[in-house]
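The values are calculated or read from the model by the stated rules, or taken from the named source; none is laboratory data. These numbers were taken from a predicted model, which means no experiment stands behind them. For neighbour counting, all protein chains shown are included, and Cβ atoms are generated from backbone atoms with ideal geometry for every residue, glycine included. Surface areas here come from the heavy atoms of the whole protein model, side chains and all, with no ligands, DNA or RNA. Shrake-Rupley method; radii C 1.70, N 1.55, O 1.52, S 1.80 Å.
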Amino acid sequence: MKQLFKRWNVIVVMLLIPLCGWAQKDLKIMALFDEYGKKKGSTMVELSKEMLETYDMTLYKSITISEDEGAIQKAQKYIGEDKKKAKKIKEVVNKGLIVSGYYQLVAKTDKGMNRFILFKVSRKGSVSVVYIEGKLDSEDLVTLLFMVKTE
Amino acid sequence: MKTIEELLDKYFEGATSCAEEQQLKDYFSQEKEIPSHLQAYREMFVSLALLSDVKRKKEPIMIMTPVTTTIRRHRIFMQAAASVAILFCLSIGGGMYYHSKDAQKGYVIINGERSTDKNLIISCMENSMAAVTDYPEDVLFLDGEYQE
């Protein structure tokens, strides 16, 4: 009987191994990437491993969707769901709707690993979402944003 | 005694019942004196009686058979479960490998068109980062700060 349980444990472990490391999969906002990533009017970016290392990240995904009211509404809805998992939130709300938001999420795996969602609806009507995972903290993120702004 | 002789005749004619055969075996297996003209049959019936005993002793092995079948069933079930687990792992693992291989290269998709040009990827990444904030310092989360 013990042997039977040992075998079952091995099978259960084998089933769980592939599920490890899918931290971003628990986020609703990922549906926006799947739905709009390949559509006209969208720009979706995912960085290579080599590029990620230079920014101290393990995952970078961003999407910008221009002039799509449906996408904006969906993004706001998804952000509203995902922010429940955030430990730190900064957001601007206009007429009850999130216009921009910065969220630091609860780390799912390693203790030193941070997860951020950056979200903004521009005045021109485009929506941008950036998802970052990595050992960088919010100060590193600000530095990176300053670098990008000045370039 | 005549009965035994009659039974022997019947036995060699192949007309005895199981009970009559048992009677013969019992008779020749007993330790008491057997008439000399019947001694020749004694060895044969004692041997037959021993053979029946051996057969009877083998019967418990027949009872064990279902246990063996159960173990075999368990083994088949475990093998099937292991196969399903391996297939599941391979499919998920394959998907993840494909995804990771895809992500390892890095890419940008603009209006449905995919590119792996490094400069274009960096340029689009910078545009996205610039688009999410007008004031980078807004992103700074101070310790203990929680704003909504």
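Go through the stretch B:30-43 and report how many residues are open to solvent by 60 Å² or more (accessible area, probe 1.4 Å) and in contact (Cβ under 8 Å) with a residue 12 or more places away in the chain. Before the answer, list the steps.
If we filter the stretch B:30-43 for residues that are open to solvent by 60 Å² or more (accessible area, probe 1.4 Å), which is where we start, we get B:31-33, B:36-37, B:39-43.
Filter once more, keeping what is in contact (Cβ under 8 Å) with a residue 12 or more places away in the chain: B:41-42.
Of the residues in that region, 2 qualify.
Is there a residue being at the interface with chain A (Cβ under 9 Å from one of its Cβ atoms), over 30 Å from B:ASP26 (Cβ atoms) and at pLDDT below 65 anywhere in the stretch B:88-102?
Yes, some residue in the stretch B:88-102 is at the interface with chain A (Cβ under 9 Å from one of its Cβ atoms), over 30 Å from B:ASP26 (Cβ atoms) and at pLDDT below 65.
So A:VAL92 fits all but one of (1) part of a strand (DSSP E or B); (2) touching a residue at least 12 places away in the same chain (Cβ under 8 Å); what number is the exception?
(2)
Being under 15 Å from B:VAL132 (Cβ atoms), facing chain B (nearest Cβ under 8 Å), open to solvent by less than 40 Å² (accessible area, probe 1.4 Å) and of a type in the set (Phe, Trp, Tyr) is the requirement here; does A:TYR131 meet it? Talk me through it step by step, then tell me what you get.
Working: under 15 Å from B:VAL132 (Cβ atoms): yes; facing chain B (nearest Cβ under 8 Å): no; open to solvent by less than 40 Å² (accessible area, probe 1.4 Å): yes; of a type in the set (Phe, Trp, Tyr): yes.
No; evaluated as a whole, the condition is false for this residue.
How many residues does the stretch A:42-52 contain that are of a type in the set (A, V, I, L, M) and either exposed (fewer than 14 other Cβ atoms within 10 Å of the Cβ) or without any contact (Cβ under 8 Å) to a residue 12 or more places away in the chain (or both)? Even if it seems obvious, please write down each step before you answer.
Keep residues of the stretch A:42-52 that are of a type in the set (A, V, I, L, M), which gives A:44-45, A:47, A:51-52.
Cutting the leftovers down to either exposed (fewer than 14 other Cβ atoms within 10 Å of the Cβ) or without any contact (Cβ under 8 Å) to a residue 12 or more places away in the chain (or both) gives us A:51.
Result for the stretch A:42-52: 1.
Just the residues that are open to solvent by 30 Å² or more (accessible area, probe 1.4 Å) and in a helix (DSSP H, G or I), please, taken from the stretch B:113-129.
Those that are open to solvent by 30 Å² or more (accessible area, probe 1.4 Å) and in a helix (DSSP H, G or I): B:LYS118, B:ASN119, B:LEU120, B:ILE122, B:SER123, B:GLU126, B:ASN127.
So, in the stretch A:76-89, of the ones that are outside any helix (DSSP H, G or I) and open to solvent by less than 40 Å² (accessible area, probe 1.4 Å), which residue ends up farthest from the other protein chains (Cβ to nearest Cβ)?
Narrowing the stretch A:76-89 to residues outside any helix (DSSP H, G or I): A:86-89.
In the following step, the residues that additionally are open to solvent by less than 40 Å² (accessible area, probe 1.4 Å) were identified as A:86, A:88-89.
Numbers: A:ALA86: 9, A:LYS88: 4, A:ILE89: 5 Å.
Selected residue: A:ALA86.
Being within 13 Å of chain B (Cβ to nearest Cβ), touching a strand residue (DSSP E or B) at 6+ places or on another chain (Cβ under 7 Å), surrounded by fewer than 16 Cβ atoms within 10 Å (Cβ to Cβ) and closer than 25 Å to B:TYR107 by Cα, is that true of even one residue in the stretch A:108-118?
In the first step, residues of the stretch A:108-118 are kept if they are within 13 Å of chain B (Cβ to nearest Cβ); the result is A:114-118.
With touching a strand residue (DSSP E or B) at 6+ places or on another chain (Cβ under 7 Å) added as a condition, the list becomes A:114-118.
Okay, now just the ones that are also surrounded by fewer than 16 Cβ atoms within 10 Å (Cβ to Cβ), so none.
No, the stretch A:108-118 has no match at all.
Look at A:GLY134 and say whether it is at positive phi, touching an Asp or Glu at 6+ places or on another chain (Cβ under 6 Å) and touching a residue at least 60 places away in the same chain (Cβ under 8 Å). Working first, answer last.
Working: at positive phi: yes; touching an Asp or Glu at 6+ places or on another chain (Cβ under 6 Å): yes; touching a residue at least 60 places away in the same chain (Cβ under 8 Å): yes.
For A:GLY134, the condition - at positive phi, touching an Asp or Glu at 6+ places or on another chain (Cβ under 6 Å) and touching a residue at least 60 places away in the same chain (Cβ under 8 Å) - is met.
Exactly one condition in (1) over 15 Å from B:ALA131 (Cα atoms); (2) over 17 Å from the mean Cα position of the chain (by Cα); (3) not in a helix (DSSP H, G or I) is not met by A:GLU53; state its number.
Unmet for A:GLU53, out of (1) over 15 Å from B:ALA131 (Cα atoms); (2) over 17 Å from the mean Cα position of the chain (by Cα); (3) not in a helix (DSSP H, G or I): (3).
What residue, among those in the stretch A:137-151 that are touching a Leu at 6+ places or on another chain (Cβ under 7 Å) and free of Cβ contacts under 8 Å to residues at least 40 places away in the same chain, is surrounded by the most Cβ atoms within 10 Å (Cβ to Cβ)? Lay out the reasoning, then the answer.
Start the filter on the stretch A:137-151 by keeping residues that are touching a Leu at 6+ places or on another chain (Cβ under 7 Å), which leaves A:138-139, A:142.
From the residues that got through so far, the ones that are free of Cβ contacts under 8 Å to residues at least 40 places away in the same chain too are A:139, A:142.
On the way: A:GLU139: 12, A:VAL142: 18.
Looking at residues that are touching a Leu at 6+ places or on another chain (Cβ under 7 Å) and free of Cβ contacts under 8 Å to residues at least 40 places away in the same chain, I get A:VAL142.
Kindly indicate which of A:LYS124, A:LYS39 is more than 9 Å from chain B (Cβ to nearest Cβ), over 16 Å from B:LEU140 (Cα atoms), touching a residue at least 24 places away in the same chain (Cβ under 8 Å) and assigned to a loop (DSSP other than H, G, I, E, B). Before you say what the answer is, go through the steps one by one.
On the way: A:LYS39 fails: more than 9 Å from chain B (Cβ to nearest Cβ).
That would be A:LYS124, the only listed residue that is more than 9 Å from chain B (Cβ to nearest Cβ), over 16 Å from B:LEU140 (Cα atoms), touching a residue at least 24 places away in the same chain (Cβ under 8 Å) and assigned to a loop (DSSP other than H, G, I, E, B).
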